[in-house]
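A quick write-up on the structure given underneath.
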Amino acid sequence: MDILSFLMDNNLTFPLFVLCTSFFFLFIFKHFKSFSSNSLKNLPPGPPKLPLIGNLHQVGNKPHISTANIAREYGPLISLHFGKQLVVIASTPEAAMEVLKTQDRFLSSRVVPTAFQHESLLPHSLIWSECNQTWKNLRTLTRTHMFSNKALEAQSALREEKIGHMLDFLHSKQGQVINIEDVVFTTLFNTLSSIIFAKDLIVLKDGYGSHDELKAALHKVIEFGGRIIDFGSFFPILERFDLHGIRKGTMKQFLKIFSYWEYIIEERRSQVKSKTWSSEQAQSFVDRLLENGFSNNQIHQLVTELFVAGTNTTTSTVIWVMSELVRHKEVMSKIEDEMRKEIKSDKINPSQLSDLPYLQACIKEAMRLHPPVPLLLPHKAAETCEVMNYTIPKNTKVFVNMWAMGRDSKVWDDPLSFNPERFMGSNLDFKGQDFELLPFGSGRRICPGLPFGVKNVEFILASLIHEFKWVLPDGDEASKLDMNSKFGIAMKREKPLKLIFERK
């Protein structure tokens, strides 16, 4: 990509104008020169960089792909410069293990994207705060009341109810073209809102959901959080100016989102503070947070993160599995054979999911090819350390390229083929110990909602396969289904998956 195209494609002409005024240019040049002259040696290898912008022009809008290509030339651990920010990317299971396990103590800090740098909210973050006591307490609370085996079992009837609503909605729309991503998102959102607030915040209807403003605001937050180009993160001296309006834009959406549930928090707070309250009366996760003395801001931050993480990546995973099954009818036939053998009831219930190993293999295979977070969330070096005998300086941003690993012929046979059989009879799992398959991460930063997400993916897919035949509209040829991806916090399809659902 040439420099002019890079600037135009990413709307950087105005920030570059600001950057190139005499004050900014001289100041940055001095800063950059100082950085260059004091740069550490023994960094991981990488391509030559340009003055000021470093390797930004080589990344493009699909960094999981461009950095995988760079890694093929320079090795399993590469270093790039995004402006003044040093970035290291691990692209093999061996490199990932050193980052996420061997040096986890030094590399488990977070680089907080500009979208989430809000002083009133950040200290209460489960995702972005440091691994301190507050973070540990948040993980304990969510694990105990939302993601433990006991909690998942208690949620079973609620999950069946929400998926039942989804199936009823699709039955009522037979013969119509459906954007299934919207339907799955609404189903997952309502599952979470019922657990967190004991209330549906969106209702499936003709437009696929009421409260479209709430959905739009959440999607905007996700979009801001996934922005690749942000001058403030590349040049810290520009961070305060929020040149792209990311911080301001995100906070505007946060305030919209908070307004949808603030009245519920106040209602529940008055109940929890009443003299007649006892813990046995708790109806929701918010009740547990209020019992622990959480402020509104603490609840807002945690709940928003649970919604973003619990809907975005899970929806993405479901849609990628469905896309692969639409393209590979022989695989779909094998799942249907497995269901006919194992499922004797009219409706699937959660206890039957463990009897569907081939479906589980299909989910693993789709996650291998289409990891929901292709570069995982960014880590930061809290201290200088060594990975694969290279120096990783303090404050380096560190990524793990799961997309590259899933398509590496040194790791997988015939890696570009969708072949669920590779996981049949295999102990390979995605729970953080097999470093060639880490869609949920590993180490102390592994996603705490892993069991919750997997349950939802399996149950939604099994129910849709059991109830419906999936048909592409307009007689489109399945083998030619567009499988291009769009980078963001979660990797989504470039074009939405639209299907007609016919009752079996």
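The values are calculated or read from the model by the stated rules, or taken from the named source; none is laboratory data. Everything numeric here is computed off the predicted structure, so don't read it as measured data. A quick note on method: Cβ atoms are made from the backbone with ideal geometry, for glycine too, and the neighbour counts reach across all protein chains shown.
Please determine whether any residue of the range 138-146 is under 24 Å from ILE348 (Cα atoms) and free of Cβ contacts under 8 Å to residues at least 60 places away in the same chain.
Our first condition is that a residue be under 24 Å from ILE348 (Cα atoms); within the range 138-146, this holds for 146.
In the following step, the residues that additionally are free of Cβ contacts under 8 Å to residues at least 60 places away in the same chain were identified as none.
No, there is no match, as no residue in the range 138-146 is under 24 Å from ILE348 (Cα atoms) and free of Cβ contacts under 8 Å to residues at least 60 places away in the same chain.
Filtered by the rule that a residue be modelled with pLDDT of 95 or more, over 15 Å from the mean Cα position of the chain (by Cα) and over 29 Å from GLU330 (Cβ atoms), the range 416-442 gives a lone residue, PHE435.
For (1) surrounded by fewer than 22 Cβ atoms within 10 Å (Cβ to Cβ); (2) in a loop (DSSP other than H, G, I, E, B); (3) polar (S, T, N, Q), each residue gets a yes or a no:
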position	(1), (2), (3)
GLY60	yes, yes, no
LEU80	no, no, no
GLU94	yes, no, no
HIS118	yes, yes, no
GLU130	yes, yes, no
ARG139	yes, no, no
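Selection within the range 428-463: residues that are among the small types (Gly, Ala, Ser) and in a loop (DSSP other than H, G, I, E, B). The member of this set that is nearest to PHE106 (Cα to Cα) is SER442.
Does GLY425 qualify as being out of contact with any Lys or Arg (no Cβ under 7 Å at 6 or more places or on another chain), under 30 Å from PHE106 (Cα atoms), in a loop (DSSP other than H, G, I, E, B) and not aromatic (Phe, Trp, Tyr)?
Working: out of contact with any Lys or Arg (no Cβ under 7 Å at 6 or more places or on another chain): yes; under 30 Å from PHE106 (Cα atoms): no; in a loop (DSSP other than H, G, I, E, B): yes; not aromatic (Phe, Trp, Tyr): yes.
So GLY425 fails the test.
Residues in the range 465-493 that are of a type in the set (Gly, Ala, Ser) and part of a loop (DSSP other than H, G, I, E, B) were compared, and the one that is surrounded by the fewest Cβ atoms within 10 Å (Cβ to Cβ) is GLY488.
Restricting to the range 219-274, what's the tally of residues that are of a type in the set (S, T, N, Q) and surrounded by 20 or more Cβ atoms within 10 Å (Cβ to Cβ)? Steps first, please.
So in the range 219-274, the residues of a type in the set (S, T, N, Q) come out as 233, 250, 253, 259, 270-271, 274.
Filter once more, keeping what is surrounded by 20 or more Cβ atoms within 10 Å (Cβ to Cβ): 233, 250, 253.
Residues meeting the conditions: 3.
Residues that are over 10 Å from VAL387 (Cβ atoms) and touching a Lys or Arg at 6+ places or on another chain (Cβ under 9 Å) were ranked within the range 96-111; the one that is surrounded by the fewest Cβ atoms within 10 Å (Cβ to Cβ) is ARG105. Picking from residues in the range 271-287 that are assigned to a helix (DSSP H, G or I) and either at pLDDT 95 or above or of a type in the set (Phe, Trp, Tyr) (or both), the one that is nearest to THR191 (Cα to Cα) is PHE285.
Pairs are defined by a Cβ separation below 6 Å, a sequence spacing of at least 6 or placement on different chains, a first member in the range 317-332 that is hydroxyl-bearing (Ser, Thr, Tyr), and a second member that is not in a helix (DSSP H, G or I); the pairs so defined are THR317/PRO372; SER323/LEU497.
Residues in the range 141-169 that are among the small types (Gly, Ala, Ser) and part of a helix (DSSP H, G or I) were compared, and the one that is nearest to GLU239 (Cα to Cα) is ALA151.
Close Cβ contacts (under 8 Å, 6 or more residues apart or on different chains) running from residues in the range 108-126 that are within 16 Å of VAL221 (Cα to Cα) and aromatic (Phe, Trp, Tyr) to residues that are modelled with pLDDT under 85 and in a helix (DSSP H, G or I) comprise PHE116/LEU122.
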